[in-house]
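Accompanying notes for the structure given below.
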Amino acid sequence: MNIKLSEKSTVPKKRYVITALSPFSVRPDGNDNLGVIRDIIAWHGLSQDSEKQLHLISVLQVDPDTGAEFAVNPHDPSNQAVAQAYQRLKTEYSNTLLHIELHGIYNTDSAEQSFDAASKTLSELNDLENSVIDVTAGTKAMTAGLAAAAFASGCPLTYLATPRDSNGEPDFTAKEKKFIFLDSGNLRTQIMRNASEKT
């Protein structure tokens, strides 16, 4: 199989960013997943342009009638941590142009639900050229689902490589983080070409 995955350190800024907000503890020092979300927002300039949108796959959903956020699965205690993180994010960016769309899933340990939510979001946006999926901040299952959606659709995929501390934990406050860009569209084309050559 002659297929190559193209990895680049140059990440183009996009209008629509799809990523995950998974359960975690918000830490006062900022060394948590919200740090990743902040880096994504900053890189793509999402808080400075009203045309840009951050699409969060999470256990939260918005009531279309009232606009209120609610937990998709109220019996899961981790939903409270996600709700607190989301409220903190909204508060931090309340005086900016940041536009956040929530896409609720029932289980953050389901790759299938994350795949479905990301795929549906891409379909509704209908603009692969200006979209990107970032897989950094979710659970491993969410990451798998988001990555599968990127490769299935040809949407570019990014990951924020973060240095680790002496305990092997990611240091989200480190300055020397870097984005990695994967050209999912090119990979998808190669796979399809390879499959057609075999038939």
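Every number here is computed from the coordinates shown, using simple stated rules; none is lab data. Given the structure is predicted, the values throughout are model-derived calculations rather than measurements. Here Cβ is always computed from backbone atoms with ideal geometry, including for glycine, and neighbour counts include all displayed protein chains.
Points 7 angstrom from Cα along the Cβ direction at Thr66 and Leu5: gap in nanometres? The modelled label-to-label distance comes out at 4.4 nm. Just going by the charge dipole of the chain, with Lys and Arg at +1 and Asp and Glu at -1 on Cβ, which of Pro170, Ala83, Ser47 is farthest out on the positive end? With unit charges placed on the Cβ atoms, the residue in question is Pro170. With a 10 Å cut-off between alpha carbons and a GNM built on the chain, which of Val59, Val132, Val11 moves the most? Highest fluctuation among the options: Val11.
For region 116-199, the antiparallel share of DSSP beta bridges with both residues in that region comes to about 75%. For region 43-55, the Karplus equation 6.51 cos²θ - 1.76 cosθ + 1.60, evaluated at θ = phi - 60°, returns couplings of 4, 8, x, 5, 8, 10, 9, 5, 7, 8, 9, 9, 9 Hz by residue, with Gly and Pro reported as x. For region 8-198, a crude dipole built from +1 on the beta carbon of Lys and Arg and -1 on the beta carbon of Asp and Glu, taken about the Cα centre, is about 620 debye to the nearest 20.
Stokes-Einstein diffusion for region 143-199, with the hydrodynamic radius set to the Kirkwood value over Cα pairs and evaluated at 20 °C in a medium of 1.002 mPa s, equals 160 µm²/s.
Note on the chain: Cα convex hull, mean projected area over all directions, 12.9 nm².
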